[in-house]
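Notes follow once the structure below has been shown.
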Amino acid sequence: MVPAASVELAKHFEGFHRVVRVQPVPTAVPYVCPAGYWTIGYGELCQRDHPEITEPDAVLRLETVLLPAYVNHAVRLSPVLLMAGEPRLAAITDFVFNLGPTQYAASTLRKRIAVQDWDGAVEQIIRWVWGGGRKLPGLIRRRQAEAELLVA
């Protein structure tokens with residue numbers, strides 16, 4: 001099950017960008033995210049020639065395809081999240097969605113989660129604010145939102 005906070009974090013921080021039509025429903029095309037990857041909808045990696053996507057379809061994909069996969073990655077890498085509460089699962093799911101399971105697997109953040117050192121996890125998560133070789137204000141805000149869920 002996907003925590004509702006994960007959906008809200010992803011929608012808020014990924015945003016629905018490169019809207020080319022608003023009527024009858026918002027429709028977007030692929031764009032290059034700040035980290036340099038072709039993206040569409042709410043943070044879905046894609047090819048440059050991916051067809052347009054409507055906002056309702058992007059939300060549906062986020063809720064039923066993308067985030068469930070990242071919940072599974074988060075729980076596989078940190079089984080303690082199953083007992084840590086929905087806010088913490090939401091925070092780490094969003095982190096893994098944003099950065100990928102490989103980055104999370106090798107992180108000190110994951111080690112702190114494994115021993116349920118939530119204060120240490122907060123210290124670690126707020127360090128992940130770099131994208132494309134620079135500190136990104138959006139990532140600073142995103143990590144702060146995730147950190148707040150870790151201590152909830």
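Of the residues making up the range 4-22, those that are over 22 Å from Pro137 (Cβ atoms) and either in contact with a strand residue (DSSP E or B) (Cβ under 7 Å, 6 or more places away or on another chain) or surrounded by fewer than 14 Cβ atoms within 10 Å (Cβ to Cβ) (or both) number 4. Scanning the range 40-59 for residues that are assigned to a loop (DSSP other than H, G, I, E, B) and acidic (Asp, Glu), which turns out nearest to Arg142 (Cα to Cα)? Taking the candidates together, the pick is Glu52.
Cβ separations smaller than 9 Å between residues 6+ apart or across chains give the following pairs from the range 1-18 residues that are farther than 14 Å from Phe97 by Cα and at pLDDT below 95 to residues that are of a type in the set (Val, Ile, Thr) and part of a loop (DSSP other than H, G, I, E, B): Arg18/Val29. Flag: Arg88 does not match the condition of being over 17 Å from the mean Cα position of the chain (by Cα), more than 19 Å from Gly15 (Cα to Cα) and basic (Lys, Arg). Residues in the range 19-37 that are at pLDDT below 90 and of a type in the set (Gly, Ala, Ser): 2 in all.
If the condition is being surrounded by fewer than 13 Cβ atoms within 10 Å (Cβ to Cβ) and touching a residue at least 40 places away in the same chain (Cβ under 8 Å), then the range 127-140 contributes only Gly132.
Out of the residues in the range 23-74 meeting the condition of being touching a Cys at 6+ places or on another chain (Cβ under 8 Å) and within 19 Å of Val96 (Cα to Cα), tell me which one is surrounded by the most Cβ atoms within 10 Å (Cβ to Cβ).
The extreme case among them is Ile40.
Has the range 96-104 got any residue that is within 30 Å of Arg21 (Cα to Cα), of a type in the set (A, V, I, L, M, F, W, C), modelled with pLDDT of 95 or more and buried (at least 17 other Cβ atoms within 10 Å of the Cβ)? Checking the range 96-104: at least one residue is within 30 Å of Arg21 (Cα to Cα), of a type in the set (A, V, I, L, M, F, W, C), modelled with pLDDT of 95 or more and buried (at least 17 other Cβ atoms within 10 Å of the Cβ). Is it the case, given these coordinates, that Ile92 is closer than 26 Å to Trp38 by Cβ, surrounded by 15 or more Cβ atoms within 10 Å (Cβ to Cβ), modelled with pLDDT of 95 or more and of a type in the set (Val, Ile, Thr)? So Ile92 passes the test.
If the condition is being under 19 Å from Glu86 (Cβ atoms) and under 17 Å from the mean Cα position of the chain (by Cα), then the range 114-142 contributes Ala121, Val122, Ile125, Arg142.
Among the residues here, Thr64 qualifies as farther than 24 Å from Arg141 by Cβ, of a type in the set (Ser, Thr, Tyr) and out of contact with any Leu (no Cβ under 9 Å at 6 or more places or on another chain).
The values are calculated or read from the model by the stated rules, or taken from the named source; none is laboratory data. Just so you know, these numbers come straight off a predicted model, no measurement behind them. Every residue, glycine as well, gets a Cβ built from its backbone with ideal geometry; the counts of neighbours run over all protein chains shown.
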